[in-house]
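Have a look at the structure below, then the notes.
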Amino acid sequence: MTALLDVAGLHVALGRGRGRAGILHGVSLTVAPGEIVGLIGETGSGKTTLARAVLGLARAQRGSITIDGREVGGLRGGALREFRRGGAVQYVFQDPLRSLDPERTVFETLVEGLVVRGGYSRAELREAALDAARLVSLPPDLLPRHPGELSGGQRQRVAIARAIAVDPRLLICDEPVSALDASTRITILELLLRLRETRDLGVLLITHDLGSLGGVADRVVVLYHGQVVETGTTEEVLLAPRHPYTRLLVSSVPSIGDEEPPDPELRRALREEVRGLAAAPARQ
Amino acid sequence: MSVSPDPATAAREAAEAAGPGAAARETLLSVRGLRVSVADGSEVLHGVDLDVPRGSAVGLVGESGSGKTLTCRAVLGLLPAGVEVTGGEITLDGTELTALPAARRARLRGTDLAAVFQDPASYLNPSIAVGAQLAEVLRVKVGLGRRAARHRAVELLGAMGLRHPEHVSRQYPFELSGGMLQRVLIAMSITAGPRLLIADEATTALDVTVQAEVLELLAELRRDRGLTLVVVSHDLAVISQVCDTVHVFRDGGVVEAGPTRQVLRAPRHPYTRELIDNHERFGIGRVREQRSRS
Amino acid sequence: MRTVTAALRTRAGAVAAAVLVAVLLLAVVGPLLAPYDPLRNGADILQPPSAAHWFGTDYLGRDVLSRVLAGAPASVFTAFEAVGIGLVIGVVPGITSVHLGRAYEWITLRVMDGLIALPFLIFAIAVAALLGNAVHQAMVAVGILLAPSFYRITRAAALSHANAQYVTAAQLFGASTWWVLRAHVWSKVLPTLVVATANATAGGLLVVSSLTFLGIGVVPPEPTWGGIVASDLGYLTQRPYGPVLPSLFIMATVGALNLLADAIRDTGGDHGRARSLRRTGAGRVRLT
């Protein structure tokens, strides 16, 4: 089965002149249609840069990005805009408050992608907005409201609805639930699972919390200092991690089922090991 | 890595313990029937009861709006304008706090009672090096001289687990990561040797490995300095890792309280059960469970 | 736009708007209301206020009230003209400098820096000397000198909104820069712009008054408020209350403009958040 998203040997550096720093060093990963892949990385791992590169918001120096068989890494200007209007990839931001224009109604926000694409009548737009709202279980009476009047969970649902209204094949979600309460978190994650079922949507779920991927992601990719240090099924990575960094991550996640907290000595040893690795990064 | 109190604080503690009639009280902080209301009269905290035994770690768990932070702010005497305590009492080591005049209350902060919050960067002056800010607290609250304060500041930073503390003490807040900043703030909060430390969502904004380190640090402080902890979080797992007892907050009141293991294993209130379920739906526990079933 | 209409509903905003409407009306019909010909010299010089001359006469026997009324359009509309020129020269580069690439940005920044560096009054005098001492040329000079602050203000506003996440979201849909500006940036820059315009008009009026005070722009004996103040200053000993009337008009207009600007600035910026707080009922305190 051809991969929906195929990132191969991606190198990205940001900044200019002396401030220029390498962020990603040869990153490769794939997402198949209907697959949810979790990308784990902490601050400084380069996960946001990876998302931006896939979306065309950051330029890659080396490597390729292929979406649905089409090489998109080199797209610029008009060609990039045209590709985006096609709606193959969409993005859900982390902060539901800031990613919605406070002066536009929920309706206007939901249909924005379609309006930009053009060719839809007012009735069709209305239909699309109602459909999208229904998909995310958003009551239709919220359509004329403004984001400031909605709760955090509702806003994030609007953000997701906005993204899927253009019928994307690939959805990239950046920490979609970290700003939300526990119960809202469940609703959103279950929504993603449902969308995967009904639309064969491929999802790249970016987060720093390994624990939140259990029960959601099929596969996990662990990013550390701009390199992929481990990949595998969620079960493999969470229950039998191989790389010291992954082991450190797994042992750091607090869990309520534990009879006793993870051993600090073990963590200390793993931290030392990981620091040693960071000092001499291995090339993939 | 042990955290020894500085000589001044140790002397003071010893003197207090030996003072007349100062039998070490079992309960350090006691909150009874605490009620808090906002300016227009509506009540936001409806009779909260809380007992914090000396040397223990008590967890307050609940979602945003549940009243856990409000309770802490009431204890600290730092309620926002227009919000005030309208009932109940707060007793710290025998002293009734709500009856105290504001000036005396303010003096207790830092020396008896301390807190660290969620966004460490916003609690530091962005244009002064962190070592200098830490030294300032040492001079003001502990009475050390300039050089002694600077020296002790570097020592404290090292004790908090910061590598190259002399270098870090010369850095500005924007140069440090969230985890490092939180350690600096914890250092600042314990300089005057408080008996109680409130950590309000102190690790929420941190990466999970950094969170583990900070939680370890708090556990260490409790062990080595006898620091009593009140940990506030929306994350039940954090509470379960650190705290002996847990209080579940919802809509301005406590719906369930008890020893952590017991509450987690056999929750009585449906809301508590819901919180636990949420955790087990998505997370490592779920994967482990799936594996054990297959 | 919601911000502006909301501001007009506040007490300060409504009062300011009322005063400005009155001033505008005055500027339009003022000369028609003048009881005497403002230019005709009379025999009764420096008369105190009387039944015949409500505010007395000036040093050439001209009715002061008529001169002030007749001077309204020249004072008010010239200020608008200067501000209008400044707006066009400043706002368009201001907003577009954020979106049209680095080279364009650099050029506009340097041009505006140059304009800011010009010493104001000397520049006005130089333009008057060069292009002839007539009112429109002077207003062009004032407009050019007002442009950099419009540029900076709109640029700052556009910058603060250009990196908003919802702008990125729109770009990810394939929206063109033009669409983004129209849908997301413009309406947020507008309140800032309206405030800046109100302030600039107030400033512009003072500048026009100063220029005519110095004799630049409006050729005597055409009356302008600033010019009247200037000519009356020479006769303060005989008529100490002389400059009061024209100054009052200047003050009222400038004050109302500033008040309106403040009202717009104060009502702007909460984006419905205030409404949502009320909606969650009973002042629910979002602290935890």
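The values are calculated or read from the model by the stated rules, or taken from the named source; none is laboratory data. If you're wondering where the values come from, they're calculated on a predicted model, not measured in any experiment. With ideal geometry, Cβ positions are generated from the backbone for all residues, glycine too; neighbour counts draw on all protein chains shown.
Computed quantities for the displayed model
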quantity: Failed criterion for B:P20 (all others in (1) of a type outside the set (A, V, I, L, M); (2) at pLDDT below 85; (3) within 25 Å of B:L138 (Cβ to Cβ) hold); calculated: (3)
quantity: In segment B:270-294, the residues that are within 23 Å of the chain's Cα centre (by Cα) and exposed (fewer than 15 other Cβ atoms within 10 Å of the Cβ); calculated: none
quantity: Out of B:L215, B:L227, sole residue that is away from every other protein chain (no Cβ under 12 Å) and surrounded by 21 or more Cβ atoms within 10 Å (Cβ to Cβ); calculated: B:L227
quantity: So A:R155, is it assigned to a helix (DSSP H, G or I), within 14 Å of chain C (Cβ to nearest Cβ), of a type in the set (K, R) and crowded, with 18+ Cβ neighbours inside 10 Å; calculated: yes
quantity: Filter result (assigned to a loop (DSSP other than H, G, I, E, B) and within 12 Å of chain B (Cβ to nearest Cβ)) within segment A:225-258; calculated: A:A240, A:P241, A:V253, A:P254, A:S255, A:I256, A:G257, A:D258
quantity: Cβ pairs under 6 Å, 6+ apart, first in segment C:154-178 and facing chain A (nearest Cβ under 10 Å) and farther than 25 Å from C:A198 by Cβ, second among the acidic types (D, E) and not in a helix (DSSP H, G or I); calculated: C:Y166/A:D101
quantity: Unmet requirement for B:G161, which otherwise passes all of (1) modelled with pLDDT under 90; (2) surrounded by 18 or more Cβ atoms within 10 Å (Cβ to Cβ); (3) farther than 27 Å from B:A74 by Cα; (4) more than 14 Å from every other protein chain (Cβ to nearest Cβ); calculated: (4)
quantity: Test: B:V210 is more than 14 Å from chain A (Cβ to nearest Cβ) and among the β-branched types (V, I, T); calculated: no
quantity: Where C:A79 falls short, out of the listed (1) more than 20 Å from the chain's Cα centre (by Cα); (2) of a type outside the set (K, R); (3) modelled with pLDDT of 80 or more; calculated: (1)
quantity: Any chance C:G215 is under 11 Å from the mean Cα position of the chain (by Cα) and not hydroxyl-bearing (S, T, Y); calculated: no
quantity: Subset of segment A:32-44 (residues that are assigned to a loop (DSSP other than H, G, I, E, B) and modelled with pLDDT of 90 or more); calculated: A:A32, A:P33, A:G34, A:E35
quantity: Single condition B:P267 does not satisfy, out of (1) under 24 Å from A:S212 (Cβ atoms); (2) buried (at least 21 other Cβ atoms within 10 Å of the Cβ); (3) within 12 Å of another protein chain (Cβ to nearest Cβ); calculated: (2)
quantity: Condition broken by A:V203, with the remaining ones in (1) surrounded by 19 or more Cβ atoms within 10 Å (Cβ to Cβ); (2) closer than 30 Å to B:V61 by Cα satisfied; calculated: (2)
quantity: Any hit, segment A:98-118, residues being closer than 30 Å to B:T204 by Cβ, away from chain C (no Cβ under 11 Å), in a helix (DSSP H, G or I) and among the β-branched types (V, I, T); calculated: yes
quantity: Qualifying residue in segment A:161-178 (condition: away from chain C (no Cβ under 14 Å), over 14 Å from the mean Cα position of the chain (by Cα) and touching a residue at least 24 places away in the same chain (Cβ under 8 Å)); calculated: no
quantity: Segments classed as strands (runs of 3 or more DSSP E), wholly inside segment B:49-153, with at least 1 members that are under 15 Å from B:V36 (Cα atoms); calculated: B:84-92
quantity: Qualifying residue in segment B:193-206 (condition: over 14 Å from the mean Cα position of the chain (by Cα) and hydroxyl-bearing (S, T, Y)); calculated: no
quantity: Helices (runs of 4 or more DSSP H) completely within segment C:99-203 that count 1 or more residues being under 30 Å from A:G56 (Cα atoms) and more than 21 Å from the chain's Cα centre (by Cα); calculated: C:102-117, C:135-162, C:165-172, C:177-180
quantity: Test: residue in segment B:285-294 that is within 11 Å of chain A (Cβ to nearest Cβ), in contact (Cβ under 8 Å) with a residue 12 or more places away in the chain and out of contact with any Pro (no Cβ under 8 Å at 6 or more places or on another chain); calculated: no
quantity: Residue selected from segment A:181-224 under the condition at the interface with chain B (Cβ under 9 Å from one of its Cβ atoms) and part of a loop (DSSP other than H, G, I, E, B), by the criterion nearest to A:L5 (Cα to Cα); calculated: A:V216
quantity: Check on B:V246, buried (at least 21 other Cβ atoms within 10 Å of the Cβ) and either hydrophobic (A, V, I, L, M, F, W, C) or assigned by TED's automatic domain parsing to the domain that holds B:D277 (or both); calculated: yes
quantity: Filter result for B:V168 (modelled with pLDDT of 90 or more, within 14 Å of chain A (Cβ to nearest Cβ), buried (at least 21 other Cβ atoms within 10 Å of the Cβ) and more than 23 Å from A:L248 (Cα to Cα)); calculated: no
quantity: Test for B:R150: is it in the same structural domain as B:G47 (by TED's automatic domain parsing), of a type in the set (D, E, K, R) and buried (at least 16 other Cβ atoms within 10 Å of the Cβ); calculated: no
quantity: Qualifying residue in segment B:24-35 (condition: modelled with pLDDT under 80, more than 14 Å from chain C (Cβ to nearest Cβ) and not in a loop (DSSP other than H, G, I, E, B)); calculated: no
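Every residue, every condition in (1) over 17 Å from A:G44 (Cβ atoms); (2) at pLDDT below 85, yes or no:
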| position | (1), (2) |
| --- | --- |
| A:V220 | yes, no |
| A:G232 | yes, no |
| A:P241 | yes, no |
| A:S251 | yes, no |
| A:P261 | yes, yes |
| A:E265 | yes, yes |
| A:V274 | no, yes |
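Here's the yes/no breakdown for (1) of a type outside the set (F, W, Y); (2) touching a strand residue (DSSP E or B) at 6+ places or on another chain (Cβ under 8 Å); (3) surrounded by fewer than 19 Cβ atoms within 10 Å (Cβ to Cβ); (4) within 15 Å of A:V7 (Cα to Cα):
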| site | (1), (2), (3), (4) |
| --- | --- |
| A:A32 | yes, yes, yes, yes |
| A:I40 | yes, yes, no, no |
| A:K47 | yes, yes, no, yes |
| A:R52 | yes, no, no, yes |
| A:G63 | yes, yes, yes, yes |
| A:G78 | yes, no, yes, no |
| A:Y91 | no, yes, no, no |
| A:L100 | yes, no, no, no |
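Listed here are the residues, each with its yes/no results for (1) within 30 Å of A:H146 (Cα to Cα); (2) in contact with a helix residue (DSSP H, G or I) (Cβ under 7 Å, 6 or more places away or on another chain); (3) not acidic (D, E).
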position	(1), (2), (3)
A:I65	no, yes, yes
A:R76	no, no, yes
A:V92	yes, yes, yes
A:D101	yes, yes, no
A:T109	yes, yes, yes
A:R117	yes, yes, yes
